[in-house]
Amino acid sequence: MTRWRASGGLPSNDRNEITALVVMAIVTILLWHSPYGGYLLYPFTILSTWFHEMGHGLAAMAFGHEFERLVIFPNGSGYAAHLSEGEPSRLSSALIAAAGLLGPTFAGCALILSSRTQRATRNALAVLGVVLLVSTLIWVRSLTGWLILPAVGLACLWLAFKAKANQRHFAVQFLGVQGCISIYRDFGYLFSEGGMLGGRPQLSDTGHIAQALFLPYWFWGGLITAIILAMIYWSLRFAHSR
């Protein structure tokens, strides 16, 4: 049951926590638009790209494809290459493309939900750290990924096992916010048919979905935006319920 007061509001601790999450999001967005903010947030930009590309790669594996490699460029863009035997179905192609767009928000919401208890917070940081390290060894094939991802993974492991409870709590919520609001940084990409990647023209993820399922890319961009907003809303609601 959600912990609402008789007056209809949330308890003060929950209100303060939600306010803190909103402030984190606003500060991050402001930093993205500041001259040097991008440098401060660079590791989290790379982490967001990793979430995105891992979403593609893991979805491809779920459909029986081979997740071959994950490449992250210094500017924060990247791609996940996967191989399939035969021609993939239209539905699988669309879902693999959508998984990359939803991946960062899914990860961010999961991290925010893990902040409900100290045990879940520690476990979430530990799992994230291990997966970052293992995925770098197995799939990552770029210098940027090799430098940034293991450093973030080791930081997560240190937080999980050495940091104080309040530090872990802040860290997991901060990382969760970065995942959830990465959609803001990629908002133009959601509503774009394509662009340049590594000097080559590429369809956007919504362009791939449109190609597979016929409806225009902007329709899929709007639908995925609605799904992301719903995910964030329900994760916040569930995180402050019992």
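The values are calculated or read from the model by the stated rules, or taken from the named source; none is laboratory data. It should be emphasised that the depicted structure is a prediction, and the values quoted were computed from it without experimental measurement. All Cβ positions, even for glycine, are placed from backbone atoms using ideal geometry, and neighbour counts span all protein chains on display. Just the protein is used for accessible areas: all its heavy atoms, side chains included, with ligands, DNA and RNA removed. Shrake-Rupley method; radii C 1.70, N 1.55, O 1.52, S 1.80 Å.
Checking the structure you have, find out if any residue of segment 153-171 is aromatic (Phe, Trp, Tyr), open to solvent by 40 Å² or more (accessible area, probe 1.4 Å), in contact (Cβ under 8 Å) with a residue 24 or more places away in the chain and closer than 22 Å to residue 79 by Cβ. Checked against the condition, which is being aromatic (Phe, Trp, Tyr), open to solvent by 40 Å² or more (accessible area, probe 1.4 Å), in contact (Cβ under 8 Å) with a residue 24 or more places away in the chain and closer than 22 Å to residue 79 by Cβ, segment 153-171 yields no hits at all. Can residue 203 be described as closer than 24 Å to residue 19 by Cα, hydrophobic (A, V, I, L, M, F, W, C) and either open to solvent by 10 Å² or more (accessible area, probe 1.4 Å) or touching a residue at least 12 places away in the same chain (Cβ under 8 Å) (or both)? No, not satisfied. When restricted to residues that are modelled with pLDDT of 90 or more and of a type in the set (Asp, Glu), segment 184-242 contains 1. Residue pairs whose Cβ atoms lie under 9 Å apart, separated by 6 or more positions or on different chains, with the first residue in segment 178-189 and under 15 Å from residue 113 (Cα atoms) and the second open to solvent by less than 50 Å² (accessible area, probe 1.4 Å) and part of a loop (DSSP other than H, G, I, E, B), are 178/41. Considering only residues in segment 130-145 that are in contact with a strand residue (DSSP E or B) (Cβ under 6 Å, 6 or more places away or on another chain) and assigned to a helix (DSSP H, G or I), the one that is farthest from residue 65 (Cα to Cα) turns out to be 144.
Could you pull out the residue among 176, 76 that is under 23 Å from residue 190 (Cα atoms) and outside any helix (DSSP H, G or I)? If you could, list the steps in order and put the result at the bottom.
Working: 176 fails: outside any helix (DSSP H, G or I).
So the residue among 176, 76 that is under 23 Å from residue 190 (Cα atoms) and outside any helix (DSSP H, G or I) is 76.
The requirement of being of a type outside the set (A, V, I, L, M, F, W, C), over 18 Å from residue 109 (Cβ atoms) and exposed (fewer than 14 other Cβ atoms within 10 Å of the Cβ) is fulfilled somewhere in segment 183-192, by at least one residue.
As for segment 81-88, it holds no residue that is in contact (Cβ under 8 Å) with a residue 60 or more places away in the chain and either open to solvent by 10 Å² or more (accessible area, probe 1.4 Å) or not in a strand (DSSP E or B) (or both).
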